[in-house]
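Visitor: There's a structure below that I have some questions on.
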Amino acid sequence: MNIRTLVLGLCLLTAFTVSGFAQQKTLFERLGGMPAISAVVDDFAGNVLNDSRIKNKFAKSDPARLLANLKDFVCFATNGPCRYTGLSMKESHKNMGTTAGEFTALVEDLVKTLNKFNVAAADQKELLTALGGLRSDIVESEATTTGGELPANFKPAPPLAEKGMPTASAAAPAPSKSLFDRLGGMPAVSAVVDDFAGNVLNDSRINKKFAKTNAPRLLANLKDFVCYATGGPCKYTGLSMKDSHKNMGTTAGEFTALVEDLVKTLNKFNVGAAEQKDLLTALAGLKGDIVENESAATGTALPAAFKPAPPLGGAPMASAPSKPKSGSLFDRLGGMPAISAVVDDFAGNVLGDSRINKKFAKTDAPRLLANLKDFVCFATGGPCKYNGLSMKKAHEHMRVSGGEFNALVEDMVKTLDKFNVGDPERKELLGALAGTRGDIVKDKYDTSATGTPVGPSFKPAPPLGATKGSKAMKNGRDD
């Protein structure tokens, strides 16, 4: 998931500041915990950054650094386990020149996100009431105009976790912190790696070199490598750059394309000049280990002699592709980061598939997604705990047809193909999914029909992690 959330500094950040809770659970828990908050923040940020009525106000913002701390703030403000030590809303929005019209645009962008994720009416009211209470700290002009430029005297807030840091310094001294800290820690590194990988895999000048790459495993371990290489707390035990690129046939032109894709990401996230210089210098130092051909050509095919590297942080891959890998399915898939990526992509396929998405019209997406990852982690032998409803109970009265189940399988195959999941792992996953068919499809609905509405008596399951006998469980189902 990409970091675009700087914009939440204006609104979402504050929208979750709630002083009283009408329900037993905290707002943090009712929203679905950290994964759900992160998803909501990302989506809302995307809305705002693409909204011409308000996006100009974020021209000077450093999204990568801000996002890392912003999610901590939202977690803290909703009674989660995080700590927040940043600026107040009033301080962070001083001289921004936000108009009443722009504040209204922010509220509308937030409502759009809350509706997308099916946030309950009571929780929406609580969030929007909290945001309304912060209006006076944000709005500096009662004009109804929108799309105004950021005033010249506005100085962006420092990273939220560094309260007391000077708000601006045109000629700041060289930072003494590690590059990892200066970039914004693990959330920022993760976002930069995700965006950079997206650029590369969509760049016809270089993407052929990754035709055999196991994307989720590589991505998960690559983040550990970047974290380690920039002075972060991660451990890296993978192959050297030279060994991992051996026989890849990378040209000088393709290396230049990689550099350009990285610069595109760094500019997108407003990474500072000093940090950009450090990163690009480090990458330039690896050129001798990566480039095997000084040609300026790009888009060349991967040589037949190339063998993909094993997962960067894991054991060497078996030399014969057909030989089963050892360990649990969880480990063989690439651990939690890989499972999270696969679940996110599969969910996107399903929710965008008109053959099946009507069945999820009542689903609380962020809570379900967060807990579904725990379920898949648990079911594949990972360290997570799952105590939610069975497949049979969760799908009772949903009226899923045989055709719709087939659509789900096809959406899963699409995801597995995208991430180059190996044949043994694919067989296990699809076998497990096929084994649930009897719990999901009732005999009387075993037709080829697709796109049918959810059954009228269906009540959505509670959050998958809700315990039996809990209030959420009782309210969610009438079984």
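Visitor: Sort the following peptides by mean Cβ neighbour count (other Cβ atoms within 10 Å, averaged over residues), highest first: 53-61, 131-139, 184-192.
Guide: Peptide ranking by packing, descending: 184-192, 53-61, 131-139.
Visitor: Output wanted: per-residue J couplings in Hz (rounded whole) for the stretch 268-279, from phi through Karplus 6.51 cos²θ - 1.76 cosθ + 1.60, θ = phi - 60°, x for Gly and Pro.
Guide: 4, 9, 6, 5, x, 4, 5, 5, 4, 4, 4, 5
Visitor: How much length, in nm to one decimal, is gained on full extension between Thr129 and Asn56, taken as 0.36 nm per residue of separation minus their Cα-Cα distance?
Guide: 23.7 nm
Visitor: I've got another one for you. Suppose the chain between Lys393 and Val107 were pulled fully straight at 0.36 nm per residue; how much longer would it get relative to their current alpha carbon spacing?
Guide: Roughly 99.3 nm would be gained on extension.
Visitor: In addition: For a quick protection proxy, order the peptides 393-406, 271-284 by their average other-Cβ count within 10 Å, most packed first.
Guide: Going by the mean number of other Cβ atoms within 10 Å, highest first, we get 393-406, 271-284.
Visitor: Computing the accessible area with a 1.4 Å probe over protein heavy atoms, can you report the carbon and sulfur percentage for the stretch 325-440?
Guide: Carbon-and-sulfur percentage of accessible area, whole number: 58.
Visitor: Which order, highest average first, do 412-421, 446-455 follow once you tally other Cβ atoms within 10 Å for each residue and take the mean per peptide?
Guide: 412-421, 446-455
The values are calculated or read from the model by the stated rules, or taken from the named source; none is laboratory data. Here the structure is a predicted model, which is why all the values come from computation and not from measurement. Neighbour counts are summed over all protein chains in view; Cβ atoms, including those assigned to glycine, are modelled from backbone coordinates with ideal geometry. The protein model used for the area step is the full one, side chains on, heavy atoms only, and it has no ligands, DNA or RNA in it. Shrake-Rupley method; radii C 1.70, N 1.55, O 1.52, S 1.80 Å.
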